[in-house]
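The values are calculated or read from the model by the stated rules, or taken from the named source; none is laboratory data. Nothing here was measured: the structure is a model prediction, and the numbers come from that model. No Cβ is skipped: glycine too gets one built from the backbone with ideal geometry, and neighbour counts run over all protein chains shown.
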Amino acid sequence: MCRRRHVRNIYLRCGHTVNLPEDIIQCEETHCKFSLFHPASCRPPVCQHTCWQYLRYPEQYSPNICGYCPSCTIVMSYHGGQ
């Protein structure tokens, strides 16, 4: 079953977090209406009884990155160039 994924990068050097755009993780199931493998011939009302009609609960992922966030990196490079 296809699912959404929320990623929040945590930058350890500055303590900032950055939320990335939501991703849709595709499955390979033929009985998931969101899947690329779902047959085009499967249509309502049959599809509503035989196939998944909703996405799974979002996966949440928060990697800890040993570095500065993009905003701090830009500010530091600007101030370092003076």
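Here are some notes:
- Test: residue in segment 55-74 that is over 30 Å from GLY15 (Cα atoms) and modelled with pLDDT under 95: yes
- Residue count, segment 44-82 (criterion: of a type in the set (Phe, Trp, Tyr), touching a Lys or Arg at 6+ places or on another chain (Cβ under 7 Å) and outside any strand (DSSP E or B)): 1
- Test for SER41: is it of a type in the set (Gly, Ala, Ser), under 25 Å from the mean Cα position of the chain (by Cα) and in a loop (DSSP other than H, G, I, E, B): no
- Among the residues of segment 45-74, those identified as aromatic (Phe, Trp, Tyr) and more than 17 Å from GLU28 (Cα to Cα) are TYR57, TYR61, TYR68.
- Only one of ILE74, ILE65 that is among the β-branched types (Val, Ile, Thr) and more than 19 Å from the chain's Cα centre (by Cα): ILE74
- Pairs with Cβ under 9 Å, 6+ apart, first in segment 55-74 and in contact (Cβ under 8 Å) with a residue 60 or more places away in the chain and surrounded by 12 or more Cβ atoms within 10 Å (Cβ to Cβ), second in a strand (DSSP E or B) and of a type in the set (Phe, Trp, Tyr): CYS69/TYR11; CYS72/TYR11
- Residue, surrounded by the fewest Cβ atoms within 10 Å (Cβ to Cβ), within segment 1-13, restricted to residues that are modelled with pLDDT under 95 and part of a loop (DSSP other than H, G, I, E, B): MET1
- Residues of segment 14-40 classified as farther than 19 Å from CYS2 by Cβ and loosely packed, with under 10 Cβ neighbours inside 10 Å, total: 0
- Qualifying residue in segment 23-30 (condition: touching a Pro at 6+ places or on another chain (Cβ under 9 Å), polar (S, T, N, Q) and not in a strand (DSSP E or B)): yes
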